[in-house]
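Nothing in this text is a laboratory measurement; each read-out follows from the coordinates by a stated rule. Just so it is clear, the structure is predicted and the values come from calculations on it, not from any experiment. Note: ideal-geometry Cβ built from the backbone for every residue, glycine included; neighbour counts use all protein chains shown.
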Amino acid sequence: MDQDRVLIFDTTLRDGEQSPGASMTGEEKLRIAKALEKLKVDVIEAGFAIASPGDFEAVKAIADNIKDSTVCSLARAVEADIERAAEALAGANSGRIHTFIATSPIHMQHKLRLEPNQVLEQAVRAVKHARNLCGDVEFSCEDAGRSEIDFLCRIIEAAIAAGARTINIPDTVGYSIPHQFGETIRQIIERVPNSDQAIFSVHCHNDLGLAVANSLAAVCAGARQVECTINGLGERAGNAALEEIVMAIKTREDILGVHTGIVTENILSASRLVSGITGFPVQPNKAIVGANAFAHESGIHQDGVIKHRETYEIMSAQSVGWHTNRLSLGKLSGRNAFRNRLDELGIQLPGDAELNAAFSRFKQLADKKHEIFDEDLQALVSDTLTEAVEHLKLVYLDVTSRTGETPIARVTLTADGVEHKAESEGSGPVDATFKAIEQVVQSNTVLQLYSVNAITQGTDSQGEVTVRLERAGRIVNGNGADTDIIVASAKAYINALNLIQAGALKAHPQEAGV
């Protein structure tokens, strides 16, 4: 391996999905995986194969379809987990089993209830078993940030001897401080006798807002793989953001002295795809991919940028894909141009029927909007693919809302082709709409989240709505987009109900993880 190259290990589809409410369908995961492949991510952690049949199928589908990136499945240091991961990865062009066990005193004592020597023995057995099933094995010391360095060195040496060729040092609870974490990585590499036989990786959480800083400190200390997610998605406060790691390495190569293989021009489209699918909007002032990341309000800044861009910009907007965010198609555009743009965005539809349905939606949207953006296309395709498996469908919606009067919603729905009508009052137009839908379906769910985000700029922008429904402690997310925010809300609510019908209600996606 090029010693100056940092491998990018993306775990959006595994750790990112551990964000409460960020669960994705198998089709959505495959779309994201293809965007990551186009980004030239080195390793895609596709999921936790043993977690559920749905996770297994998603990992398998990604392993069968992705050719240019290594596809990885997480597995606890347990034979059944490892065997399930190997089964899911059987069709991969390049596969990796990522097995882990906790190594901190607090985890070993209270979670595993094992002595350190027992943990070491279990780790060695797991790595050996994984290596017998897959040539590429990664081993992680869960909660390494709070582990004793002497024990870390012992278990890492044993894991490498057992066949692990990537060693991950995760800051699982986001406890580390950059200079301290970097020193830990440096000491481990120096003290482990066979460290030259493995690539050292880091996986940092953002509980103290230091995930990216800790990751870069580790790179300076010799780590050559960084585990991260698009938009910093992940459980609790999230993970190190891929876009920030990659652009920090690219922008400050003079200091860091390393590089990645990422095609940075594809960062923005990947960010927007993940945001659209998960329903987690990107904050405007988010580094690299936020709407304001390259905006200049101050007159002094504007004057400087006009005279010479680098006075106030350390990287160009074009280098991360901002120049490709506008779709130059309109209502007169043909099907071929539409298909070509989908290809450029890495969006692949299953067949001609889905393409025709998406193109029809595109024409309808072009009649409503003067400008159409890539985000509009992604939302439009999501709607098209969702509609193909609809049990419940919105046929008609009429909402009356006047100042000083109680809003009333009238809906017509079809459930498996049978038409139902309902009418309801509510505290607002959205509340009335949801109550009218509930009169038909009686889902016995509780609305946990209602979020609205403008997909693009302008008052004619499509509104993207996310709803989270909960039933008996299990959750599902629904998404909908439309230039009419009430219609978008109804679509999102119905999407969630259809996912429930399809058995998509789930608890926290994975209980275990690094």
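Data for the structure
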read-out	value
Segment Glu313-Ala90, extension gain: residue separation times 0.36 nm, minus the distance between their alpha carbons	75.7 nm
Residue-averaged 222 nm ellipticity for the chain, from DSSP H runs of 4+ at -39500 (n - 2.57), nearest 500	-12000 deg cm²/dmol
Radius 14 Å from Cβ of Val289, net charge of other residues (Lys, Arg +1; Asp, Glu -1)	-3
Eligible aspartates and glutamates near Lys128 by straight Cα distance, threshold 15 Å, same-chain separation 8 or greater	Glu79, Asp81, Glu83, Asp136, Glu138, Glu157
Peptide ranges 66-75, 357-366 listed from the most packed, as the mean C-beta count within 10 angstrom indicates	66-75, 357-366
FRET efficiency, Val263 to Tyr396 (Cβ-Cβ, R0 56 Å, nearest 0.05)	0.80
All lysines inside 17 Å of Lys491 as judged from Cα atoms, apart from same-chain residues fewer than 8 positions distant	Lys393, Lys421, Lys435
R0 of 22 Å, Cβ-Cβ distance Arg5-Thr251: FRET efficiency to nearest 0.05	0.85
Separation of the Asn194 and Glu425 label points, Cα + 7 Å toward Cβ, nm	7.5 nm
Asp460 versus Thr403: modelled label distance in nm, points set 7 Å from Cα along the beta carbon direction	2.8 nm
Stretchable slack from Asn132 to Asp207, in nm (0.36 nm times residue separation minus alpha-carbon distance)	23.4 nm
28 Å Cα-Cα threshold exceeded, pairs from Lys34/Lys250; Lys29/Lys368; Lys250/Lys286; Lys60/Lys368; Lys40/Lys286	Lys29/Lys368; Lys60/Lys368
Formal net charge of residues neighbouring Pro178 (Cβ-Cβ distance under 13 Å; K, R +1; D, E -1)	-1
Efficiency of FRET between Arg236 and Asp484 - r from beta-carbon atoms, R0 35 angstrom, step 0.05	0.50
Extension gain from Val446 to Lys368, taking 0.36 nm per residue of separation minus the Cα-Cα distance	24.7 nm
